[in-house]
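One structure is given below, represented as structure tokens, and several questions about it will come after.
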Amino acid sequence: MAATGRSADDLTEPLLAGDRRALARAISLVENDDPEGWELVRRVYPKTGQAAIVGFTGPPGVGKSTLIGMLVKHARERERDIAVLSIDPSSPFTKGALLGDRIRLSDHFLDPGVFIRSMASRGSLGGLSEATLQAALLMDAAGKDEVLLETVGVGQGEVDIIDHADTVVLVLMPGSGDSVQALKAGVMEIPDVIVVNKKDHPLTDTMVREIRSVLSLGPDLSWEVPILTTEASRGEGITELASAIEDHRAHIKSEGTLEERRRRNLRNEVLELATVRLRRKLHAELDDPEVDALLDEVVKRRLDPATAASKLLDRER
Ligand SMILES: Nc1nc2c(ncn2[C@@H]2O[C@H](COP(=O)(O)OP(=O)(O)OP(=O)(O)O)[C@@H](O)[C@H]2O)c(=O)[nH]1
Ligand SMILES: [Mg+2]
């Protein structure tokens, strides 16, 4: 009834009560950059912060979705309410990888305790990563115990999404040498848990040794990054992975880093949003004749670029 509407007024209550359709609609709103979506997030935000956010990242095809599917099964056996958000910045919604994800996660589609969503559209305010963060907040507000984020890629634009996870799991497979190099070079941040999936592959042990040696070069952290091996397609190593994720969470909670991380991430998010808005506003002002004249002064070498920039910013006050 109430959930048939699409406004923040209609959706707030059912969303907070965990209604699936309300959650699905709410996410569509933020995905489409609909002001009702932002209003909804504004209203439910004080109720968020409860869910454990776990991010899975790694090169294409290493088995992230299969692994997540197995973890979902594991969590459901423990009656945890769970949401999965997979992010594919490259392909439009209807294409390959996402369809594949859906098939691999399809076992769970009829389970009311599991909510699965793929996002590929860019949204507009802060782009895809911003829309994703809003979607994760909505899932959290809907009472999910865990929100699992899947992002493809290493060291690209998705990094900011993964930064919002409390626990980051890097999934690799034997032969993902590039990722090991990226870790070594410091291009990629050290994750909290590393999984070498497809351990049925003969080069698994070599891969684990390589990763271990790369990690040993890094700083000594209070959390020792576990390197686990799994065979997701057969459900092997899943219990161990689930416990490693839980252990990490317990560790950062007891150490106080969970709050610290969230604080840092939320501050970055606010800054990021403000930056996007300001940039947009400045671009919109290029049509203003006064701004145009100012820029012309620079072209004519009567005003230097830095002074012009200050003048532009002064207008924002
Ligand atoms: N041999 C083997 N194959 C696996 C294993 N886990 C997953 N696969 C297969 O690897 C392929 C890719 O798995 P996905 O789970 O889609 O991988 P992904 O990392 O989510 O891929 P993208 O989302 O496209 O980046 C599928 O054909 C899986 O069936 C495993 O442990 N061993
Ligand atoms: Mg996938």
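The values are calculated or read from the model by the stated rules, or taken from the named source; none is laboratory data. These figures come from a predicted structure and were not determined experimentally. With ideal geometry, Cβ positions are generated from the backbone for all residues, glycine too; neighbour counts draw on all protein chains shown. Just the protein is used for accessible areas: all its heavy atoms, side chains included, with ligands, DNA and RNA removed. Shrake-Rupley method; radii C 1.70, N 1.55, O 1.52, S 1.80 Å.
Near ARG315, within a Cβ-to-Cβ distance under 11 Å, what is the net charge of the other residues, with Lys and Arg +1 and Asp and Glu -1? Mind showing how you got there, number by number?
On the way: positive: LYS281, LYS311, ARG317; negative: GLU285, ASP288, GLU290, ASP314, GLU316.
Cβ neighbours under 11 Å give a net charge of -2.
Next question, about the same structure. For the chain, modelled as a Gaussian network with Cα springs under 10 Å, which listed residue fluctuates most, GLY113, GLY49, GLY143?
GLY49
Would you work out what percent of the accessible area of the chain, with all protein chains in place, is carbon or sulfur (probe 1.4 Å)? The partial results should precede the final answer.
Numbers: 8580 of 16520 Å².
About 52 percent, which is the carbon plus sulfur part of the accessible surface.
Same structure, new question: Would you mind checking the radius of gyration and Dmax of region 1-81 based on alpha-carbon positions, in Å?
In order Rg, Dmax, the Cα atoms of region 1-81 give 15.4, 43 Å.
Sorted by accessible area (1.4 Å probe), largest first, how do LEU303, LEU203, LEU278 line up?
On the way: LEU303 35, LEU203 95, LEU278 65 Å².
Result, largest first: LEU203, LEU278, LEU303.
Which value, in debye to the nearest 20, gives the size of the charge dipole of the chain about its Cα centre, when Lys and Arg are +1 and Asp and Glu are -1 at the Cβ?
On the way: 41 positive and 53 negative charges, 40 e Å.
For this selection, approximately 200 debye.
In what sequence, largest accessible area first, do SER129, SER243 appear using a 1.4 Å probe?
Working: SER129 20, SER243 50 Å².
Result of the area sort, largest leading: SER243, SER129.
Considering the chain as a Gaussian network with a 10 Å cut-off on Cα pairs, which listed residue, GLU79, GLU269, GLU231, attains the greatest mean-square fluctuation?
Comparing GLU79, GLU269, GLU231 in the GNM, the peak value goes to GLU79.
Give the lysines whose C-alpha is closer than 16 Å to that of LYS144, dropping any in the same chain fewer than 8 places away, or say none.
Within the straight-line limit of under 16 Å, LYS144 reaches these lysines: LYS47, LYS73.
Kindly provide the trypsin sites (Lys or Arg not before Pro) of region 272-307 that DSSP labels as loop, not H, G, I, E or B, and whose Cβ sees at most 13 other Cβ atoms within 10 Å.
Values: sites: ARG277, ARG279, ARG280, LYS281, LYS300, ARG301, ARG302; in loops: LYS300, ARG301, ARG302.
In loop regions of region 272-307 (DSSP not H, G, I, E or B), the sparsely surrounded trypsin sites (Lys or Arg not before Pro) are LYS300, ARG301, ARG302.
Let me ask something else about it. Which net charge results for the neighbourhood of ARG261, defined as the other residues with beta-carbon distances under 9 angstrom from its beta-carbon, given Lys and Arg at +1 and Asp and Glu at -1?
Values: positive: ARG262, ARG263, ARG264; negative: ASP163, ASP166, GLU259, GLU260.
Net charge in that neighbourhood comes out at -1.
Given R₀ = 35 Å, FRET efficiency for HIS251-VAL299 by Cβ-Cβ distance, to 0.05?
Working: r = 57 Å, r/R0 = 1.62.
With a Förster radius of 35 Å, E is 0.05.
What do the square roots of 5 times the Cα gyration tensor eigenvalues come to for the chain, in whole Å, largest first, as semi-axes of the equivalent ellipsoid? Don't skip to the answer; put the middle values down first.
Values: eigenvalues 270, 148, 63 Å².
Square roots of five times the eigenvalues give 37, 27, 18 Å.
Also, I was wondering about something else. Rounded to the nearest 20 Debye, what is the dipole magnitude of region 207-315 about its Cα centre when Lys and Arg each give +1 and Asp and Glu each give -1 at the C-beta?
Values: 19 positive and 22 negative charges, 48 e Å.
It works out to roughly 220 debye.
Solvent-accessible area per residue for the chain at a 1.4 Å probe radius, Å²?
52
Could you state the angle between the C-alpha long axis of helix 289-299 and the longest principal axis of the C-alpha atoms of the chain, as a value from 0 to 90 degrees rounded to the nearest 10?
Taking Cα atoms only, the helix is inclined about 80 degrees.
Please name whichever of PRO60, LEU221, MET207 sits farthest to the positive end of the charge dipole of the chain, dipole taken about the Cα centre and charges placed at Cβ: Lys and Arg +1, Asp and Glu -1.
After comparing all options, I get PRO60.
Can I ask one more? Nearest 10 degrees is fine. How inclined is helix 238-255 to the longest principal axis of the chain, computing both from alpha carbons?
The angle comes out at about 50 degrees.
For the pairs LYS199/LYS253; LYS184/LYS253; LYS64/LYS198, note any where the Cα-Cα span goes beyond 21 Å. Intermediate values should be presented prior to the final figure.
Details: LYS199/LYS253 31 Å; LYS184/LYS253 28 Å; LYS64/LYS198 11 Å.
As for pairs spanning more than 21 Å Cα to Cα, those are LYS199/LYS253; LYS184/LYS253.
What is the extension gain from HIS283 to LEU221, computed as 0.36 nm multiplied by their sequence separation minus the C-alpha to C-alpha distance, in nm to one decimal?
Values: separation 62, 0.36 × 62 = 22.32 nm, distance 4.33 nm.
Taking HIS283 through LEU221 to full extension adds about 18.0 nm, to one decimal.
Using a Förster radius of 35 Å, what is the FRET efficiency between THR275 and THR307 based on their Cβ-Cβ separation? Nearest 0.05, please. It would help to have the intermediate numbers written out before the result.
Values: r = 22 Å, r/R0 = 0.62.
Calculated transfer efficiency: 0.95.
Further, regarding this structure: Using Cα atoms only, what is the angle between the long axis of helix 35-44 and the major principal axis of the chain, expressed in degrees (0 to 90) to the nearest 10?
With rounding to tens, the tilt is 60 degrees.
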